[in-house]
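This report concerns only the one structure given below.
The values are calculated or read from the model by the stated rules, or taken from the named source; none is laboratory data. Just so it is clear, the structure is predicted and the values come from calculations on it, not from any experiment. So basically every Cβ, Gly included, is an ideal-geometry build from the backbone, and we count neighbours across all protein chains shown.
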Number of protein chains: 2
Amino acid sequence: MSILVVGSVAFDSVETPFGKADDVIGGSATYFSTSASYFSGVKLVAVVGDDFPEEHIRELEKKGVDTGGLKRVPGKTFRWKGRYDFDLNQAHTLDTQLNVFSTFDPEIPESYKESPFVFLANIDPDLQLKVLGQVRNPKFIACDTMNFWIEGKPEALRRLLKKVDLFVINEGEARQLAGEASLVKAARSILKDGPKTLIIKRGEYGALMFNGGSIFAAPAYPLEDIYDPTGAGDSFAGGLMGYLANTGDTSEASIRKAIIFGSVMASFNVEAFSLERLSSLTLEQIRARYAEFKRLTHFEGL
Amino acid sequence: MSILVVGSVAFDSVETPFGKADDVIGGSATYFSTSASYFSGVKLVAVVGDDFPEEHIRELEKKGVDTGGLKRVPGKTFRWKGRYDFDLNQAHTLDTQLNVFSTFDPEIPESYKESPFVFLANIDPDLQLKVLGQVRNPKFIACDTMNFWIEGKPEALRRLLKKVDLFVINEGEARQLAGEASLVKAARSILKDGPKTLIIKRGEYGALMFNGGSIFAAPAYPLEDIYDPTGAGDSFAGGLMGYLANTGDTSEASIRKAIIFGSVMASFNVEAFSLERLSSLTLEQIRARYAEFKRLTHFEGL
């Protein structure tokens, strides 16, 4: 089955303790699509300016991403500039130029409207709701958000959360949204009035899933060096949703496997700047790292 | 098989966002012994002042802890006062009174010298070395330490690490000891010139074990409320060493199980102040929580 993703395509300039990259391709929808493309078809809705090179679009298409919903409009593409220090869980934004993204009003092409899987990357929750108004009978909807929207549009975000099946959010943002220091209590509070499943991303500490009374803890892959954490969350979501769409199985057991595939994709992504590593993987490499997660977490029962 | 533990017995005064406790029993050897006592015999070496109530010693003895090595000397018992804010991984020390602990010079009773398992809790590494000079043919030695000794006695600590089988340390202290921001590189560097196995404690994020080329990641048990994190690390070590001593099996697979038992004991310990919860468990409760860790981490293979 295929996934509709709505989010950003951007140019990033990133500095980390391991080096820097200027004006490389980034954006939530780009990372998500590239990651998900190893598992399933992806239909991309986003906007770029007239400065965006055709070759990047061809690259996505080569990976099987349908770019019919990627609008090109006059003006400059969204640009983000950031720095990471040794605490790689924390991005320091140096500059944000929304450019054509500031008037982004996602229009879902007719041929995309029946996509069974929908991923709403981190954009204005009013726009996320607008996307949901255009799709028909989706089987499984997931969304992300950020502190900016939790503070600025809490009501729209709450309306959105009632409509999604899966909500993926950072640890600090989960606490902020629930107004609760205990992460387990924050999770229960978010689930009470919203999605059936909540996944809390903890960067180098992995992820926690809450689903009814069930909790699943996944570690992150222990890497010697994390070159660039940009896009880790969207690569995670791409592997996760890609696996669910591939199998069509959205049971709790399937979501657990999907979280590991998401963690696998995020671990590859942070090994290089931009899409360098994420865009050049083989299925064998992905499966081998999944097997490493199994060894990483294995212990015998009683 | 039995475990020899050398460490502190103390009175703690602790404040957390959930309440406070004054002059309650604490100390690394106390938490360790109580935790390990569910699994194996424990022989305790520590020192207390003449203000230490007999009833606390009787409590330890009722749990099967041999207190023949617990010296009572004139003066006051070691006292620690600390506060935890919402970041429960970080203790803020308000007051430390070493009292009789300042001249602690561990003497191992003759009947303790052949203990097959030895745990050197966090004390001066020169004293830890002195203990090792007194034991005969131990099968398995583990130790803990803290930033104070990493800064103050790095040479003694390095000599000690060459003699132990297992080193248990906090995440921040592992980075500090190795002078390396990458945790995986820090671990490899510590293992290169020291113990065969390294366990890095990450508080609410669980633990990582490094053993040769193998890595094991264990989550912490997701609790709604952590009432008091004091003694979590020593309860962890107690469950871990207790299980190893119980089975006599120190293989990599057995250490993985032992880490889960350690995590189980730490999770009970932080549910209440002092030894309140840790000292009143049943084997059924311990086994049930072990089974919960299995469900918490389970995902299907490829």
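Against the numbered list (1) assigned to a helix (DSSP H, G or I); (2) away from chain B (no Cβ under 13 Å), residue A:199 comes up short only at (1). Taken together, A:114, A:110, A:204, A:155 contain a single residue that is modelled with pLDDT under 95 and of a type outside the set (A, V, I, L, M, F, W, C), which is A:204. Residue A:212 passes every criterion in (1) within 11 Å of another protein chain (Cβ to nearest Cβ); (2) on the phi > 0 side of the Ramachandran plot; (3) modelled with pLDDT under 95 apart from (1). Sub-6 Å Cβ pairs linking a first residue in segment B:288-302 that is facing chain A (nearest Cβ under 7 Å) to a second residue that is hydroxyl-bearing (Ser, Thr, Tyr) and part of a helix (DSSP H, G or I), at least 6 apart or interchain, are B:297/A:297; B:302/A:290, ordered by first then second residue. The criterion of being touching an Asp or Glu at 6+ places or on another chain (Cβ under 8 Å) and modelled with pLDDT of 95 or more holds for residue B:127.
Look at segment A:151-168: where a residue is within 21 Å of residue A:208 (Cα to Cα) and a partner is among the basic types (Lys, Arg) and not in a helix (DSSP H, G or I), sitting 6+ places away or on another chain with Cβ atoms under 9 Å, you get A:164/A:196; A:165/A:139; A:165/A:196; A:166/A:196; A:168/A:201. Selection of segment B:50-76 for residues being over 21 Å from residue B:131 (Cα atoms) and touching a residue at least 12 places away in the same chain (Cβ under 8 Å) yields B:50, B:51, B:52, B:56, B:57, B:59, B:60, B:63, B:64, B:74, B:75, B:76.
Total residues in segment B:181-196 satisfying the condition of being assigned to a loop (DSSP other than H, G, I, E, B) and either at pLDDT 95 or above or within 10 Å of chain A (Cβ to nearest Cβ) (or both): the figure is 4.
Among the candidates A:164, A:118, A:131, A:135, the residue that is surrounded by fewer than 19 Cβ atoms within 10 Å (Cβ to Cβ) and more than 14 Å from chain B (Cβ to nearest Cβ) is uniquely A:135. Screening residue A:241 against (1) in contact (Cβ under 8 Å) with a residue 12 or more places away in the chain; (2) under 26 Å from residue A:14 (Cα atoms) leaves a single unmet condition, (2). Looking across segment B:178-195 at every residue that is touching a strand residue (DSSP E or B) at 6+ places or on another chain (Cβ under 6 Å) and not β-branched (Val, Ile, Thr), the one that is nearest to residue A:223 (Cα to Cα) is identified as B:187. Residues satisfying the criterion are absent from segment B:273-281 (criterion: out of contact with any helix residue (DSSP H, G or I) (no Cβ under 8 Å at 6 or more places or on another chain) and within 9 Å of chain A (Cβ to nearest Cβ)). Please verify whether residue B:279 is in contact with a Lys or Arg (Cβ under 8 Å, 6 or more places away or on another chain) and either polar (S, T, N, Q) or surrounded by fewer than 20 Cβ atoms within 10 Å (Cβ to Cβ) (or both), treating the condition exactly as stated. So residue B:279 passes the test.
In segment A:56-94, the residue that is farthest from residue A:224 (Cα to Cα) out of those that are of a type in the set (Asp, Glu) and either in a strand (DSSP E or B) or modelled with pLDDT of 95 or more (or both) is A:66.
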